[in-house]
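A quick write-up on the structure given underneath.
The values are calculated or read from the model by the stated rules, or taken from the named source; none is laboratory data. Because the structure is predicted, anything quoted here is derived from the model rather than measured. Cβ: placed from backbone, ideal geometry, glycine included. Neighbour counts: every protein chain shown. Just the protein is used for accessible areas: all its heavy atoms, side chains included, with ligands, DNA and RNA removed. Shrake-Rupley method; radii C 1.70, N 1.55, O 1.52, S 1.80 Å.
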Amino acid sequence: MSRVHPAGPRHADVLPEEHPLPPAEDLNALEPQIWPRNAKRENGVLYLGGVDVRELAERFGTPLYVYDEEDVRARAREYAAAFHDGEVHYAGKAFLCTAVARWLNEEGLGLDVCTGGELAVALAAGFPVERITLHGSNKSMAELEKALDVGVGRIVIDSFEEIARLGYLAKERGVRPKVMVRVTTGVEAHTHEFIATAHDDQKFGFSRNTGAALEAVRRVLALSQLELVGLHSHIGSQIFDTDGFEVAAHRLAELLVQIRDEHGLELPELDLGGGYGIAYVTGDEPHDPKAIADSLRTIVWRECRTYGLAMPRLTVEPGRAIVGPGGVTLYQVGTVKDVEGLRTYVSVDGGMSDNLRTALYGAEYTCTLASRSSDAAPMLSRLVGKHCESGDIVVRDLWLPEDLSAGDLVAVAATGAYCRSMASNYNHVPRPAVVAVRDGEARVIVRRETDEDLLRLDAEVGV
């Protein structure tokens, strides 16, 4: 998965097994496709949303998650416009807090949640319940009860047990929720195995290939208290082409034909999930929302025409594609340790507790010296954290200027998705604050955790 390439002459004849790409011509440059739209350098210093990163670090501390609010809002608007004849539901698992939920509501998007906690955030933000879809492969009775009581717009069914549970609860309450059946289409998405979700050998959905999906439809239709409105499919994450979506649409269309022929019912909705890739490093080439919308619309229309089906209303679920590019993580450098002949280890005041993706599945990132510019020669570096793990790596291979020193600020781009969502308190490190920047102003939208927060759940403090 890693990009490999020769190291520079500074590293003599002793090279790591995987050789990083050569340094960029200008280490101070910001690639527009990777960095937030309102990121720029002024007098060598990185500004995000019109705010000096040195000011952000001084006011709010580091590590610090920074979101360019206008970048997030603009991407939400672009998806809404591209899928004007369908629905766009933001995948809350990418990153969710009450402020972000309000931004997305104001931009006209729906919201996908997959736990009771995410639903609680949505409700606290005043998000319209009719535009909320509840996902989850093992929804508890309490989560289903809450969804029914507040009246979420859709519930995506993921197991036979859930059909029975939901049917019982709906009958007990005298309600008729709209539901969709999640279908595992057997598509092998071109992505890491941990974020590929449509092949048969994994936990999500009902297999089309084994007939489980069609049986799930039968069981839902047998319960008058459940309203089946469509099928759902999600093939994976960080995907750059539509080939997988085309195969999935073909197989879903075949299933829709089977449902029509067996039950005399044409389902009006089709949810193709999300997973659209963003640019993390040079060479990543994501599609714009309109291109994605046009392609998916054409694919589904063609399949429906082939099988004599009416065109269903399409729903998509971008998460990373909306919040990922607008997020940046700021760190302060603590130590700079040269391992002669190999690389320089740059340790920062965060690590795998605020960004698990590198350790979990080899994610790649772009990083820059943020508190100043430098004309020093590039040094092959590894950006690492403060945790007691050799796998505590934020950026595996990167080039930083040789005059980098303790106290400098570095910024890692495209950390808006899944970093705060997956954050932990490993080694009892408090999770960072989340700050929104816009038009030269900054405000906290999720406060920094404190030692008191970490101790609050300890039942024997003071005993």
Report Rg(Cα)/(2.2 N^0.38 Å) for segment 198-338, keeping two decimals. 1.32
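Please compute the Kirkwood hydrodynamic radius of the chain from all pairs of different C-alpha atoms, in Å with one decimal. Intermediate values should be presented prior to the final figure.
Values: mean 1/r = 0.0425 Å⁻¹.
It works out to 23.5 Å.
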What value, in deg cm²/dmol to 500, does the helix sum -39500 (n - 2.57) over DSSP H runs of n ≥ 4 give at 222 nm once divided by the residues of the chain? -8500 deg cm²/dmol
With unit charges on the beta carbon (Lys/Arg positive, Asp/Glu negative), name the residue among Val53, Leu404, Gly92 whose Cα is farthest towards the positive pole of the charge dipole of the chain. Gly92
Roughly speaking, what is the centre-to-centre gap between segment 86-130 and segment 294-343 when only Cα atoms are used, to the nearest Å? 18 Å
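Dipole magnitude of segment 100-178 about its Cα centre, charges +1 at Lys/Arg Cβ and -1 at Asp/Glu Cβ only, in debye to the nearest 20?
On the way: 10 positive and 12 negative charges, 52 e Å.
With Lys and Arg at +1 and Asp and Glu at -1, about 240 debye.
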For segment 32-167, what value does the Rg/Rh ratio take when both radii are computed over Cα atoms and Rh is the Kirkwood radius, given to two decimals? 1.08
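What is the antiparallel percent of DSSP beta bridges lying wholly in the chain, to the nearest 5? Before the final figure, lay out the partial values.
Details: 35 of 71 bridges.
Around 50 percent of the beta bridges assigned by DSSP in the chain are antiparallel ones.
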Could you provide, to the nearest whole Å², the per residue accessible area of the chain with probe 1.4 Å? 42 Å²
Please report, in debye to the nearest 20, how large the charge dipole of the chain is about its Cα centre when each Lys and Arg carries +1 at its beta carbon and each Asp and Glu carries -1 there. 1140 debye
If contacts are Cα pairs under 8 angstrom and at least 6 residues apart, what is the relative contact order of segment 106-181 in percent? 28 percent
0 to 90° range, to nearest 10: angle between helix 212-221 axis and the chain longest Cα axis: 60 degrees
Could you tell me which chymotrypsin sites (Phe, Trp or Tyr not before Pro) in segment 71-177 are loop residues by DSSP with no more than 12 other beta carbons within 10 angstrom of their beta carbon? none
Could you go through segment 95-104 in sequence order and give the Karplus-derived ³J(HN,Hα) for each residue, using 6.51 cos²θ - 1.76 cosθ + 1.60 with θ = phi - 60°, rounded to whole Hz, and x for Gly and Pro? 5, 9, 8, 5, 5, 5, 4, 5, 4, 5
Kirkwood Rh, angstrom, segment 404-453 [1 / mean 1/r, Cα pairs]: 13.1 Å
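Sequence gap at least 6, Cα distance under 8 Å: using those rules, report the relative contact order of the chain to the nearest whole percent. Kindly include the intermediate steps, with their values, before the conclusion.
Values: 1019 pairs, mean separation 93.8, N = 463.
Contact order relative to length: 20 percent.
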Just going by the charge dipole of the chain, with Lys and Arg at +1 and Asp and Glu at -1 on Cβ, which of Leu30, Tyr361, Met141 is farthest out on the positive end? Met141
Any chance you could give the angle, 0 to 90 degrees and rounded to 10, that helix 243-263 forms with the longest Cα principal axis of the chain? 20 degrees
Which residue, Tyr418, Val429, Ala459, has the largest displacement toward the positive end of the dipole of segment 384-463 when charges sit on each Cβ (Lys, Arg +1; Asp, Glu -1)? Tyr418
Test of understanding: given the chain, find the longest segment containing no trypsin sites (Lys or Arg not before Pro) that are in a DSSP loop and have at most 13 other Cβ atoms within 10 Å. 204-446
Can you work out ³J(HN,Hα) from phi for every residue in segment 326-334, in order, using Karplus 6.51 cos²θ - 1.76 cosθ + 1.60 and θ = phi - 60°, giving whole Hz and x for Gly and Pro? x, x, 9, 10, 9, 10, 9, 6, x
Report, to the nearest 10°, how far helix 160-173 tilts away from the longest principal axis of the Cα atoms in the chain, using its own Cα long axis and a range of 0 to 90°. 70 degrees
